[in-house]
1. On a C-alpha basis, how far is the centre of segment 65-119 from the centre of segment 140-162 in Å? Whole number, if you could?
2. How far apart, in nm, are two points set 7 Å out from the Cα along the Cα-to-Cβ line at E181 and at I75?
3. Which whole-number percent is the relative contact order of segment 33-121 (Cα, under 8 Å, 6+ apart)?
4. How much mean residue ellipticity at 222 nm does the chain get from its helices, if each DSSP H run of length 4 or more adds -39500 (n - 2.57) and you divide by all residues, to the nearest 500 deg cm²/dmol?
5. For the pair R225 and D85, what calculated FRET efficiency results from E = 1/(1 + (r/R0)^6), where r is the Cβ-Cβ distance and R0 = 45 Å, to the nearest 0.05?
6. Can you tell me how much longer the chain between S148 and A119 gets when fully stretched, taken as 0.36 nm per residue apart minus their C-alpha distance, in nm with one decimal?
7. Give or take rounding to whole Å, what are the principal axis extents of the alpha carbon atoms in the chain, in descending order?
8. Which lysines have a Cα less than 26 Å from the Cα of K102, not counting those fewer than 8 places away in the same chain?
Amino acid sequence: MENRIDHLAIIMDGNGRWAKGRGMPRLGGHEAGTRAARKIVEASKDRGISYLTLYAFSSENWRRPKEEVEGLFRILESFIDREIDRLMEGGVHLNVIGDLSKFPDVLREKILSTIEKSAVNSGIYLNIALNYGGRDEILRGVRRFLESGASLAGLSEESFSSCLDTSHMPDPDLLIRTGGEWRISNFLLWQLAYAEIYFTDILWPDFDEKALDDAISWFATRQRRFGMTPEQIEGKDTP
Ligand code: IPE
Ligand code: IPE
Ligand code: MG
């Protein structure tokens, strides 16, 4: 059976180094990163991907200098203002995973109203991970599970998954990390259990359609076994 990407997740890393290489301030790299993101959303939709999750701000990124964090929020806000019409035209259904409660009120309201507006769209489901950390999400999930009044006997992988931020989505099939680091950085710890993982040295602002196609071609060559033997998988494939 051909490998299909229903859900693509991306760790968009390397904006700072991209800027440094051009003698620009780091925020210039983040600005360029939003242009790459726009391109990849469209390209993913064109390639029939149903869910795209982009890691934009981790729960650890608060450790960065205040000016960078504030600059990132400004860039996000103007990205929404600038892109809302295009997102709507492109049939993008926006969603956020992560804890928005710590975001500035104005930005949070803007994000929530955009999510609401775009809920009628069904072209591609775009998930942006904001103040997202896999461990934080799991702990919030545990809280949700307990607060729902569910009993311990009802605890299963399925019932717990439904308490996570990604409750209504399939797990990612492919994770791409740009920027040359080989780590997960607290992204989707639960959901990546069986994702194929693709690392590239390309810095995020340089990641384009060709780079996406290279990742997709690599993914197509993988044999996903989910714990079974290669023979079992091959046997399944022959009619
Ligand atoms: C990723 O790029 C974007 C965010 C984490 C917000 P970086 O800002 O981490 O860029 P590098 O890794 O320093 O080059
Ligand atoms: C991961 O990148 C988070 C995002 C891309 C938003 P980082 O640059 O924060 O990751 P580390 O700190 O190098 O692991
Ligand atoms: Mg980085």
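1. Rounded to whole Å, the Cα centres lie 29 Å apart.
2. Once both label points are built, they end up 1.5 nm from each other.
3. The value is 28 percent.
4. Numbers: 8 runs with 105 residues, N = 239.
My calculation for the chain gives -14000 deg cm²/dmol from helical runs alone.
5. Working: r = 44 Å, r/R0 = 0.98.
Result of the calculation: an efficiency of 0.55.
6. On the way: separation 29, 0.36 × 29 = 10.44 nm, distance 2.52 nm.
So the chain would gain 7.9 nm between S148 and A119.
7. Principal-axis extents of the chain (Cα, largest first): 54, 47, 35 Å.
8. Partners found: K66, K110, K117.
The values are calculated or read from the model by the stated rules, or taken from the named source; none is laboratory data. Just so it is clear, the model here is predicted, and its values are computed rather than measured. In this analysis, Cβ positions are derived from the backbone assuming ideal geometry, glycine residues included, and neighbour counts consider all displayed protein chains. Side chains included, ligands, DNA and RNA excluded: accessible areas come from the protein's heavy atoms. Shrake-Rupley method; radii C 1.70, N 1.55, O 1.52, S 1.80 Å.
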